[in-house]
Amino acid sequence: MVNTLLALGSAPQAAAPQPKFDSGRAWEHLRQLVAIGPRPSGSPAIEQTRKYIKSRLAAEGLVAVEQAWDDRTPIDTVHMVNLVVTIPGTHKDRLVIAGHYDTKLTREFRFVGASDGGSSAAFLIEMARVLKARKNTMTIELVFLDGEEARLWDWQGTDNTYGSRHYVEAAKHDGSIATLKAMVLVDMIGDRDLMLRRDTNSTPWLTDLVWGAAKRIELDDYFVQEATRVEDDHLPFLAAGVPSVDIIDLDYEPWHTAKDTLDAVSARSLQVVGDVVVAALPQIEARLTKGVTLTGRRLQPRRPYVLTAVRHKMKKKAHRHHRVLNNESAIVAH
């Protein structure tokens, strides 16, 4: 009997189950965000949105740090706030997973941005719960970006990506850009008819890992091999030499219309993207930490990512001002 008890007591503990993305939770966050209504930068509604995000994160024992600034736009000066949540890992080097939470400014119709702004924010809130329970190799920073949308209707010049540009400039200023090794961007991932194309502006190896994870878990019907080119919140990171990938569905008829509501999106789409990102993380972490010694120095420096210029054609649909060239397309996400 004693020997039996000793044997039982020395039996190895079963590995704790890996946390899973729960689209039911994400959908409830999305529903709450859409219920707030239009949430353009600088509005009382986006402040209410921030309070909701911070309260949901606090419920998971996480603190969202505000990165606030005032930015001059073509029509006004706007108070903007990025929310940054840091989840420690074994390594101090950081992987950023980001998405915007503001909605397009328009007075012509009521725009609640279920997919465009709502889906990425809801995704990040749920991903925070998953990552807090996960054993992370890298320190992961979840960044809720403000000011992705242009203040004018057309996306042009610097009237866009205010939050991502501010985040990168702040990281350069305080030197923390040195520990920022990669960035995964999610944007407009709620489309009920989800189809995610490979963005040719994104870093190829990082895109390969994400799309490879989708194939491995048999979700490549959603992460397709067709290519497009997108201008979005990943561009400031790429310009700073940070490998980045944009996960975005711009083949979305309700985009920037009053029809971008809960009826046009689905929990299934959130689940697909959540499952793929979680599945891709081990490979991303392995790639980024492979050349790191115990001192944190990289054995071989990475070649900087150079963003090349592309020609644009205007898509003919009047309500869309993304620039599209079919498989060689330049699409502006805003």
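Here's a check for you: in the range 199-236, which residue that is part of a strand (DSSP E or B) and more than 17 Å from the chain's Cα centre (by Cα) is nearest to Gln156 (Cα to Cα)? Of everything passing the filter in the range 199-236, Thr228 is nearest to Gln156 (Cα to Cα).
With respect to Lys181, is the statement that it is touching a residue at least 40 places away in the same chain (Cβ under 8 Å) and of a type in the set (Lys, Arg) true? Yes; evaluated as a whole, the condition is true for this residue.
Conditions (1) touching a Ser or Thr at 6+ places or on another chain (Cβ under 8 Å); (2) part of a loop (DSSP other than H, G, I, E, B); (3) modelled with pLDDT of 95 or more, marked per residue:
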{"site": "Leu238", "(1), (2), (3)": "yes, no, yes"}
{"site": "Gly241", "(1), (2), (3)": "no, yes, yes"}
{"site": "Pro254", "(1), (2), (3)": "yes, yes, yes"}
{"site": "Thr257", "(1), (2), (3)": "no, yes, yes"}
{"site": "Asp260", "(1), (2), (3)": "yes, yes, yes"}
{"site": "Ala279", "(1), (2), (3)": "no, no, yes"}
{"site": "Thr295", "(1), (2), (3)": "no, yes, no"}
{"site": "Pro301", "(1), (2), (3)": "no, yes, no"}
{"site": "Val306", "(1), (2), (3)": "no, yes, no"}
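Residues of the range 195-244 that are of a type in the set (A, V, I, L, M), open to solvent by 10 Å² or more (accessible area, probe 1.4 Å) and touching a Lys or Arg at 6+ places or on another chain (Cβ under 8 Å): Leu209, Val224, Ala227, Ala240. Inspect all residues belonging to the range 191-198 and state whether any of them is in a strand (DSSP E or B), out of contact with any helix residue (DSSP H, G or I) (no Cβ under 6 Å at 6 or more places or on another chain) and hydrophobic (A, V, I, L, M, F, W, C). Yes, that holds for at least one residue.
When the range 37-68 is examined, which residues are found to be surrounded by fewer than 18 Cβ atoms within 10 Å (Cβ to Cβ) and either hydrophobic (A, V, I, L, M, F, W, C) or on the phi > 0 side of the Ramachandran plot (or both)? Passing the criteria: Gly37, Ala45, Ala58, Ala59, Gly61, Val63, Val65, Ala68. Can you find a residue that is without any contact (Cβ under 8 Å) to a residue 40 or more places away in the chain, farther than 15 Å from Arg216 by Cβ and in a loop (DSSP other than H, G, I, E, B) anywhere in the range 266-274? Scanning the range 266-274, I find no residue that is without any contact (Cβ under 8 Å) to a residue 40 or more places away in the chain, farther than 15 Å from Arg216 by Cβ and in a loop (DSSP other than H, G, I, E, B), so the answer is no.
The values are calculated or read from the model by the stated rules, or taken from the named source; none is laboratory data. This one's a predicted model, so the numbers in the text were calculated from it and none came from an experiment. Glycine gets a Cβ as well: all are built from the backbone with ideal geometry, and neighbour counts include every protein chain shown. For the accessible areas, the whole protein counts, side chains as well, though only heavy atoms, and no ligand, DNA or RNA atoms are used. Shrake-Rupley method; radii C 1.70, N 1.55, O 1.52, S 1.80 Å.
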